[in-house]
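Asker: Here it is, the structure in full.
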Amino acid sequence: MSIKEIMARERWATEEAFLKGNVGALDEVFDADCVFHTPPLLPSYKLEQLKQFALGMLQSMSDVQWSWDDVVIEGNTAAQRFTIRGKHTGTVPFIPVPPTGKEVVIGGCAVYHLKNGKVIEFFEYSDFLGFFQQLGIVPPMKMK
C-alpha cells in the first residue's frame, strides 16, 4: 500500500472515530504501539487514549466538520494541514470548561511517521491558544 493510500485511509479513520464514534477504525491506521504527541496538552500518549479522546470530542462538540487542507509526503513521513469547525456543546476531555455554545475553528498540522503500512509516531500541532480564546478561557491578545 502506498503512503498516499495510507493517508487516505487515515482521513477515513479520523472521520469514523471523531465524527461517528467508530474508534475501532483507528486500529486500521495506527500501530498498536504508536506514540502520539499533542503538545502542550497531551505530551505523550498511546492509541487507547486517542480513542477515548475521540469519543470525548464527539460528546463535547456538535456540528463538527473536518477539512483536509494540504498533504505533503516524503519517504515514510507525511504531514497534513487541517481545519476543524464545530460548536462547543459539552466539556472537552482535556479542558474542564462548561459548554459555551460558541462556534469554534481550530487549525492544525499533523506529522506522521510510517512503517510497514501503519503510523508508528504522530505529532499534532494545533492552534490551542486560538481555541482557548474562542472559548473565552484566554483573553485575546491586544496589539499596540
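The values are calculated or read from the model by the stated rules, or taken from the named source; none is laboratory data. Keep in mind that what you see is a predicted model, and the values were worked out from it rather than measured. Cβ coordinates were reconstructed from backbone atoms using ideal geometry, including for glycine residues, and neighbour counts include every protein chain displayed.
Asker: Which one of Glu103, Glu28, Glu124 is closer than 24 Å to Val138 by Cβ, in contact with a Lys or Arg (Cβ under 8 Å, 6 or more places away or on another chain) and of a type in the set (Asp, Glu)?
Answerer: Working: Glu28 fails: closer than 24 Å to Val138 by Cβ; Glu124 fails: in contact with a Lys or Arg (Cβ under 8 Å, 6 or more places away or on another chain).
Selected residue: Glu103, the only one of Glu103, Glu28, Glu124 that is closer than 24 Å to Val138 by Cβ, in contact with a Lys or Arg (Cβ under 8 Å, 6 or more places away or on another chain) and of a type in the set (Asp, Glu).
Asker: Which residue out of Lys51, Lys102 is surrounded by 13 or more Cβ atoms within 10 Å (Cβ to Cβ), under 22 Å from Phe131 (Cβ atoms) and among the charged types (D, E, K, R)?
Answerer: Matching residue, one of Lys51, Lys102: Lys51.
Asker: For segment 89-144, give me each residue that is of a type in the set (Lys, Arg) and at pLDDT 90 or above.
Answerer: Lys102, Lys115, Lys118
Asker: So Val23 passes all but one of these: (1) of a type in the set (A, V, I, L, M); (2) touching a Leu at 6+ places or on another chain (Cβ under 7 Å); (3) loosely packed, with under 13 Cβ neighbours inside 10 Å. Which condition number does it fail?
Answerer: For Val23, the failing item is (3).
Asker: Given segment 30-100, what strands (runs of 3 or more DSSP E) lie entirely inside it while holding 1 or more residues that are without any contact (Cβ under 8 Å) to a residue 24 or more places away in the chain and charged (D, E, K, R)?
Answerer: 61-74, 77-88
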